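Here is the structure we will look at, set down as structure tokens.
The values are calculated or read from the model by the stated rules, or taken from the named source; none is laboratory data. On a predicted model such as this, the values are computed, not experimentally measured, just so you know. Counting neighbours? That spans all protein chains shown, and the Cβs are built from the backbone with ideal geometry, glycine included. Ligands, DNA and RNA are excluded from the accessible area calculation, which covers all protein heavy atoms including side chains. Shrake-Rupley method; radii C 1.70, N 1.55, O 1.52, S 1.80 Å.
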Amino acid sequence: EEDLLSFLNDFPHKDTLDQKNSWLSILKDLKSKKPMNRLLCGDVGFGKTEIAMRSAFIVSFSRQVVVLAPTTILSLQLYNSFVLRFKNFPQNIVLLNRLIKNKEKLKIYNKIATGSVDIVIGTHAVLSDKISFKNLGLAIIDEEHRFGVKQKEKISSLSYDIDTLLMSATPIPRSLQQSFSGFKNLSLIKTAPRDRKPIKTKVLYSNNAVLSKYILAEHLRGGQTY
């Protein structure tokens with residue numbers, strides 16, 4: 001409890017109401033004897049990753065955590081976010097994607113099998129048959145709408161009592177139907193962070209000069225581009 005409180009206090013922002021409610025629901029799920037199967041929906045930048053990191057933090061003290069991302073870039077971004085967020089804590093976090101050399105991958109596979117790795121972040125590379133988790137307890141699937149049914153089922157089959165957290169800004173109809181049918185629990189983060197400006201949508205022809213203009217303007221103001 002002290003470790004969790006310390007981790008929560010390290011978060012530099014104040015939770016939005018939806019973030020807080022989502023976190024309390026997930027915390028209740030994780031403490032339950034029944035495996036969690038929850039879909040967390042929220043727009044980009046609304047705080048889903050922070051909730052995922054808190055979930056990983058709790059589980060990683062006793063069991064391993066896997067975080068699955070659809071692209072190499074996103075897996076690298078998640079890895080950097082996790083390493084920064086966990087910098088004051090002892091969790092061993094590793095990255096697995098196509099940028100990791102085969103020799104290094106073999107070392108990582110061995111660490112996962114022996115349990116010396118707490119959190120594994122990567123692309124579909126984490127679903128390789130070469131990987132054997134010692135004690136997997138939580139699977140977090142980011143942008144779940146970009147994964148097929150078989151890939152999600154492969155994650156579920158890694159452990160009979162695994163907790164699963166799916167995250168998406170645009171969940172697929174199948175996942176929403178399962179939520180409405182009671183097969184999955186649903187959490188929504190609809191509250192924008194403080195000082196978040198309304199989204200302006202423009203439909204333009206593909207043009208590198210226009211793209212560069214908007215990206216540069218965002219960069220110069222210290223903002224982010226997705």
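Annotations for the structure displayed:
This table checks each residue for (1) open to solvent by less than 20 Å² (accessible area, probe 1.4 Å); (2) touching a strand residue (DSSP E or B) at 6+ places or on another chain (Cβ under 8 Å).
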position: Leu4; (1), (2): no, no
position: Lys14; (1), (2): no, no
position: Cys41; (1), (2): yes, yes
position: Arg63; (1), (2): no, yes
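- Segment 137-156 - residue that is in a helix (DSSP H, G or I) and of a type in the set (Asp, Glu) and, of those, surrounded by the fewest Cβ atoms within 10 Å (Cβ to Cβ): Glu153
- Residues located in segment 206-226, provided they are modelled with pLDDT of 85 or more, assigned to a loop (DSSP other than H, G, I, E, B) and open to solvent by 90 Å² or more (accessible area, probe 1.4 Å): Arg221
- Qualifying positions in segment 65-78 - open to solvent by 10 Å² or more (accessible area, probe 1.4 Å) and farther than 22 Å from Ala192 by Cβ: Pro70, Thr71, Thr72, Ile73, Leu76
- Of residues in segment 157-181 being at pLDDT below 60 and in a loop (DSSP other than H, G, I, E, B), the one least open to solvent (accessible area, probe 1.4 Å): Pro171
- In segment 112-131, the residue that is surrounded by the fewest Cβ atoms within 10 Å (Cβ to Cβ) out of those that are over 18 Å from the mean Cα position of the chain (by Cα) and assigned to a loop (DSSP other than H, G, I, E, B) is Asp129.
- Hits in segment 16-39 - residues which are of a type in the set (D, E, K, R) and either on the phi > 0 side of the Ramachandran plot or open to solvent by 40 Å² or more (accessible area, probe 1.4 Å) (or both): Lys20, Lys28, Lys31, Lys33, Lys34
- Residue identified as open to solvent by 60 Å² or more (accessible area, probe 1.4 Å) and more than 19 Å from Ser157 (Cβ to Cβ) among Lys107, Lys134, Lys48: Lys107
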